[in-house]
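**Q** Below you will find the structure I want to go over with you.
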Amino acid sequence: MRANRLRSLQALGIFCGFAAGAWLGGAEAPIKLVNPDISPITVSLIMVLGVFLARWSVPAFIRGTSHVRNDVRQAPHLVVWAVLAGCMWAVANTLTIYAIRNVGLSIAFPLWNTNSLLGIFWGFLLFNELHYAGWKRWLGVLGGAVCMFGGATLLAIASSHQAAPGKAALGIFAALGAGVLWGTMYIPYRKAYLTGMNPLSFITFFTVGELVTMTLLAVGYRGATPLWHELTSARSVLFWLMLGGFVWVLGDLFQQYATKYVGISRGIPLSNTNQLWGLLWGVLVFHELRDGSTTIYAQVAGGSLLMALGAVAIALSSATEREHSSWQDAAAREGERYGVEDEYVRAGMEGRAYETGSTRRTLLDWLLIVGTTALFVLLARLARLPHMDVNMSWAFALLLAMLALLATCGIALWRTTRFR
């Protein structure tokens, strides 16, 4: 790969990481609009239904599902890995519901974002990331990891004051458990993109594991009849929860491209700037920590900033050409192990086209796009805002910032890679 092309893709990956942080951070905000009497399992199931619709309709809108068929023909083994990653995501997402309810958005985010540490470990151990990186980049990664650990510690201390009595420990363990699952989930991500699969193809099978796992969890935990009654009684909040799932998919899609072009040891910490967006939504929009002391505010703000600085230090330790050559060795190993064509692997790493069949949109694509849009319009008509203190001015400002990042990063992806 030419040096200027490598720099362009790495810059694109960093930009995608920032955009992912904004949309992943905003995805959890709708949970705050839901009656706390609804079971976290049910909340997670409804979110996953929104995720399922988004993970099929968004790729259909951007490129068409014919691309998915082409990718599966080249690397069918990755379907299994995508489903496995989806199973882990579903369990982790359920844990985040418990975390948000027990310690709040502004504290839960940084705790589960310790998944960055696992991402660094797996990237180095399995995929040759940081090999031949040099001491400066190692210092950035390790120093960033120490900052993130320190920030998480400060937030855990602050959470013991923010949460209801007896609930802080449950919220902390739920958030950390989600971090472990998400950190491990990035192994299938990296296997897919080293092999050459397009992120838009990977997420369509990813969601099969999400939906099946979440359905089994919900039915097993609640029972089929009580679950149905709870779903029907939650008609007024279905839109908000499914919208949260849809927003999450947009953030996750940017995170997938960040992982593809800068690796999990850099892309994941960068996308974990969602902790700052979570802090903004929690404090500015939903007035979390409103009754907290100056000490608590200092701990939350200091912990979040410390973790963000650590993530930025890791992300800015960009890969050298020599390190990137070790990524190519890992990609060649993956391709040889599963019998994937060399040119397909190289095209995927370089963000260029490799097509072997028709790529036009089909009737199925338009059914997915129109059907998903119609369902969300219907649910929006049934939706009701709860009676709670929400600062709409700040909510509108944060939403505009997210949309600006969506537009600019989407255009950059199209111009540089045509979403490949």
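The values are calculated or read from the model by the stated rules, or taken from the named source; none is laboratory data. Just so it is clear, the model here is predicted, and its values are computed rather than measured. Glycine gets a Cβ as well: all are built from the backbone with ideal geometry, and neighbour counts include every protein chain shown. These area figures cover heavy atoms from the full protein model, side chains too; ligands, DNA and RNA do not enter into them. Shrake-Rupley method; radii C 1.70, N 1.55, O 1.52, S 1.80 Å.
**Q** Looking at residue 232 and the list (1) modelled with pLDDT under 85; (2) of a type in the set (S, T, N, Q); (3) surrounded by fewer than 24 Cβ atoms within 10 Å (Cβ to Cβ); (4) in a helix (DSSP H, G or I), which single condition is not satisfied?
**A** That leaves (1) as the condition not met.
**Q** Check 194, 176, 250, 181 and return the single one that is closer than 29 Å to residue 60 by Cβ, hydrophobic (A, V, I, L, M, F, W, C) and over 14 Å from the mean Cα position of the chain (by Cα).
**A** Answer to the selection: 194.
**Q** Sticking with this structure for a sec: Could you give me the residue pairs with C-beta distances under 9 Å whose first residue belongs to region 206-222 and is open to solvent by 60 Å² or more (accessible area, probe 1.4 Å), whose second residue is modelled with pLDDT under 90 and outside any helix (DSSP H, G or I) wherever it lies, and which are 6+ apart or on separate chains?
**A** Partner pairs satisfying both residue conditions: 221/39; 222/39.
**Q** One residue is enough: does region 261-278 have a residue meeting the conditions under 13 Å from residue 151 (Cα atoms), part of a helix (DSSP H, G or I), open to solvent by less than 10 Å² (accessible area, probe 1.4 Å) and not hydrophobic (A, V, I, L, M, F, W, C)?
**A** Yes - at least one qualifying residue is present in region 261-278.
**Q** Sticking with this one: Scan region 12-21 and tell me whether some residue there is surrounded by fewer than 24 Cβ atoms within 10 Å (Cβ to Cβ), at pLDDT 90 or above and closer than 15 Å to residue 242 by Cβ.
**A** The answer is no; no qualifying residue exists.
**Q** Of all residues in region 156-183, count the ones that are at pLDDT 70 or above, buried (at least 21 other Cβ atoms within 10 Å of the Cβ) and closer than 19 Å to residue 299 by Cα.
**A** Qualifying residue count for the region: 3.
**Q** Considering only region 279-306, state which residues are among the aromatic types (Phe, Trp, Tyr) and open to solvent by 30 Å² or more (accessible area, probe 1.4 Å).
**A** Of everything in region 279-306, just one residue is among the aromatic types (Phe, Trp, Tyr) and open to solvent by 30 Å² or more (accessible area, probe 1.4 Å), namely 297.
**Q** While we're on this one: Have a look at 420, 384 and point out the one that is open to solvent by 80 Å² or more (accessible area, probe 1.4 Å), touching a residue at least 40 places away in the same chain (Cβ under 8 Å), outside any helix (DSSP H, G or I) and basic (Lys, Arg).
**A** 384
**Q** On the basis of being of a type outside the set (Phe, Trp, Tyr), farther than 20 Å from residue 155 by Cα and open to solvent by less than 10 Å² (accessible area, probe 1.4 Å), does residue 350 make the cut?
**A** no
**Q** I would also like to ask the following. Output the residue which, of all residues in region 107-121 that are of a type outside the set (A, V, I, L, M) and under 17 Å from the mean Cα position of the chain (by Cα), is most open to solvent (accessible area, probe 1.4 Å).
**A** 114
**Q** Looking at 55, 5, which is the one that is open to solvent by 10 Å² or more (accessible area, probe 1.4 Å), charged (D, E, K, R) and in contact (Cβ under 8 Å) with a residue 24 or more places away in the chain?
**A** 5
**Q** Just to be sure before I move on: is residue 340 at pLDDT 80 or above, in a loop (DSSP other than H, G, I, E, B) and of a type outside the set (D, E, K, R) in the structure I sent?
**A** So residue 340 fits the description; yes.
**Q** Moving on. Given (1) modelled with pLDDT of 95 or more; (2) touching a Lys or Arg at 6+ places or on another chain (Cβ under 6 Å), where does residue 382 come up short, assuming only one miss?
**A** If we test residue 382 against (1) modelled with pLDDT of 95 or more; (2) touching a Lys or Arg at 6+ places or on another chain (Cβ under 6 Å), just (1) comes out false.
**Q** Here's something else I'd like to know. Out of 399, 378, report the one residue that is assigned to a helix (DSSP H, G or I), farther than 22 Å from residue 417 by Cβ and either under 25 Å from the mean Cα position of the chain (by Cα) or of a type in the set (Val, Ile, Thr) (or both).
**A** Only one candidate passes the filter, namely 399.
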